[in-house]
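The values are calculated or read from the model by the stated rules, or taken from the named source; none is laboratory data. Small disclaimer: the values here were computed from a predicted structure and weren't measured. Heads up, the Cβs are rebuilt from the backbone with ideal geometry, glycines too, and the neighbour counts pull from every protein chain shown. These accessible areas exclude ligands, DNA and RNA; they are computed on the full protein's heavy atoms, side chains included. Shrake-Rupley method; radii C 1.70, N 1.55, O 1.52, S 1.80 Å.
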Amino acid sequence: MRGVPVGAVFAVRKEVQKAKLHRDNQRGISWVSDEDGLQVGDAIVLHGGYEDDQDEWETIQYTGASPSKDRDPKTKKLLRSQSWTYLDNAALLRSYQRGYHIRVIRGYKGDARYSPSKADGYRYDGLYRITAARTATSKSPAPDGSEIQICQFDLERLPEDQQVQTDLERQIIDALDESAEQQEKFPRSRSVQVRRLVRDTAAVRRIKSLYEGECQLCGLRLEGPDGKPYSEGAHIRPLGKPHHGPDVEPNILCLCPNCHVRLDIGAVVVDHDWSVVMRAGLFGAGLRTKLLVKKGHRVHPEYLRYHRDYWSKRGVGSAS
């Protein structure tokens, strides 16, 4: 959506609707009318709606919609099979058939590895393409024990250079085009770099603001002459290949520059009980015994485990 940066958060669904990211403040699937008057899906919300949903950030397995009467009001489980003729499912299927991209919004009740905190509410996570649509069998049967058939979609996140740009990003990219003609052979790399500077720091900024610049590993709070704190957002599971870590709050720490380097080279890891473990000599450094985690920051254990496992297979301090 032009003008709404990827990573933007909204306290409630009504704000998502006001930003024109989704047409409804309750339904999971949003749709609009195409040029021929038929409805096509344009957005979905991941908010822990169905047990058959599976979120892996770059790929999503998404369950279609059902009328409220077809769901148990207490357990939210389906009472009967879904239908491809139901408007929301038909619209999303039509977007798949026509090759339209879908906006994905994650809510705080979704997968804890990728979802925003309850305080943040909902986060716009960019554009995805639908790669498959099929009828599948739900994990749970109907009350009478019979199988429940669901409308299931596979989605894949578009690369950063294909995400819709905000006006600010567009202005910066245009300026780079004018002043750096020698880089014209690398427009994709330049576009991705601009997004990381302008847009992809949205989650990092929120974490740094929460800790007011205080390092979660050593407690250091650096201030410049203007009194403003300086800290860095460190991804526990690194972005890009070969790690493919997501740029989301549960995967980000607020660290001082030194601790950021220590984390990146595996000199420090965080154990399953949040204990800070030194894997190399840290001269003149005083680290906390346990990682500082403030309320509202859901650091996910899976990213810490990935970081520990990755460096346990490598020599201490290795940058490979």
> Where only protein heavy atoms count, and the probe is 1.4 Å, what is the accessible area per residue for the range 1-119 in Å²?
Replying inline: 50 Å²
>> Using each residue's phi in the range 61-69, evaluate 6.51 cos²θ - 1.76 cosθ + 1.60 at θ = phi - 60° and report the 3J(HN,Hα) Karplus result to the nearest Hz, with x for Gly and Pro.
In response: 10, 10, 8, x, 10, 9, x, 4, 5
> In the range 1-124, carbon and sulfur make up what percent of the accessible area (probe 1.4 Å)?
Replying inline: 49 percent
>> How large is the accessible surface of Ser231 in square angstrom, using a 1.4 angstrom probe and rounding to the nearest 10?
In response: 10 Å²
>> Projecting each Cα onto the charge dipole of the range 1-46 (Lys/Arg +1, Asp/Glu -1 at the beta carbon, about the Cα centre), which of Leu21, Gly41, Val9 comes out farthest on the positive side?
In response: Val9
> What order do Glu156, Glu232 take when sorted by accessible area (1.4 Å probe), most exposed first?
Replying inline: Glu156, Glu232
> From the square roots a ≥ b ≥ c of the eigenvalues of the alpha-carbon gyration tensor of the range 1-50, which class results: rounded (a/c under 1.5), prolate (a/b over b/c), or oblate?
Replying inline: oblate
> About its Cα centre, how strong a charge dipole does the range 235-283 have in debye, to the nearest 20, once Lys and Arg get +1 and Asp and Glu get -1 at the Cβ?
Replying inline: 200 debye
>> With every protein chain kept in place and ligands, DNA and RNA left out, what is the accessible area per residue of the range 204-257? Probe 1.4 Å, answer in Å².
In response: 45 Å²
> What residues have an amide H closer than 5 Å to that of Gly110, excluding those fewer than 5 places away on the same chain, when H is modeled at 1.01 Å from N in the peptide plane?
Replying inline: Gly48
